[in-house]
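Inspection log for the structure reproduced underneath, given as structure tokens.
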Amino acid sequence: MIGTVGLSNLGDGLLFGSSLYVLYATRELGREPAALGGIMAGLGVGGLLGAALAGPVTRRWGIGATFLGAQLLWGGAYLGAAFVAGPPLVAAIWLGTAFAITGMINPIAGANATTLRQAVVADRLQARVTAIARVVLWTCVTAGAIAGGALAERIGIRSTIAISGTVPILGFLWLLFSPVRRLREVPGSSSGPVPASLELL
């Protein structure tokens with residue numbers, strides 16, 4: 001799961017860590033700064049929606065399928081952003097929607113992954129595993145940020161954004177054939193498919 005989220009964070013670094021989305025919106029799509037602010041607001045709106053949906057979605061589909069679905073949406077949203085076209089208003093709505101989907105899946109995937117990790121890792125190893133996870137995930141963001149600028153210069157902004165959507169999908173495929181896919185509830189949980197930490201969302 002850390003490897004899967006690491007690939008998704010690599011995509012985050014390519015698109016957001018490198019600030020490539022700013023060049024994309026302003027140079028490729030010709031959006032003004034005010035419009036860019038509105039587009040970026042989609043991340044916050046999506047985050048609020050994701051926090052509200054985390055519990056119900058996990059109850060309905062189970063923790064494993066929910067996590068996998070979030071990864072697939074993560075990549076799909078970035079891929080969709082690479083193909084934004086049409087009149088200025090349509091392009092802005094399209095890009096804003098892609099960012100809203102990204103914002104929505106972050107609390108869903110993050111809450112499920114963290115809850116599962118805390119449930120299955122022995123107490124004496126919690127700090128070490130959490131530290132390793134943070135190092136891996138933030139290193140992937142940093143690597144993506146560095147690569148984003150270099151790739152955009154060589155192959156173009158749209159192609160780089162398409163790559164940022166491809167890597168989360170690779171992570172989804174990696175996890176698809178693991179036991180996580182069949183996991184409906186947190187191991188050892190007596191409260192049903194959704195742990196208390198998700199109910200709070």
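Computed from the coordinates by the stated procedures, all read-outs in this text should not be read as laboratory data. Note that the structure is a prediction, hence the values are computed from the model and not measured. Ideal geometry is used to build each Cβ from the backbone, glycine not excepted, and the neighbour counts take in all protein chains shown.
So which DSSP H runs in the chain come out at 20 Å plus along the axis (Cα) with average Kyte-Doolittle of at least 0.5? Span-like helices here: 33-61, 63-82, 88-120, 126-155, 157-176. When the helices of the chain are scored as -39500 (n - 2.57) per DSSP H run of n ≥ 4 and the total is divided over every residue, the value at 222 nm lands at -25500 deg cm²/dmol. Each of Y24, Y78 was scored by other Cβ atoms within 10 Å of its Cβ. Listed from fewest to most, they are Y24, Y78.
Between R184 and A34, the distance separating the two model label sites (each 7 Å from Cα on the Cα→Cβ line) works out to 5.3 nm.
Three principal axis extents describe the C-alpha atoms of the chain; from largest down they are 53, 30, 27 Å. Cα centroid separation, segment 31-86 to segment 92-140: 14 Å. Here segment 2-178 is assigned +1 on the Cβ of each Lys and Arg and -1 on the Cβ of each Asp and Glu. Its dipole about the Cα centre then comes out at about 340 debye.
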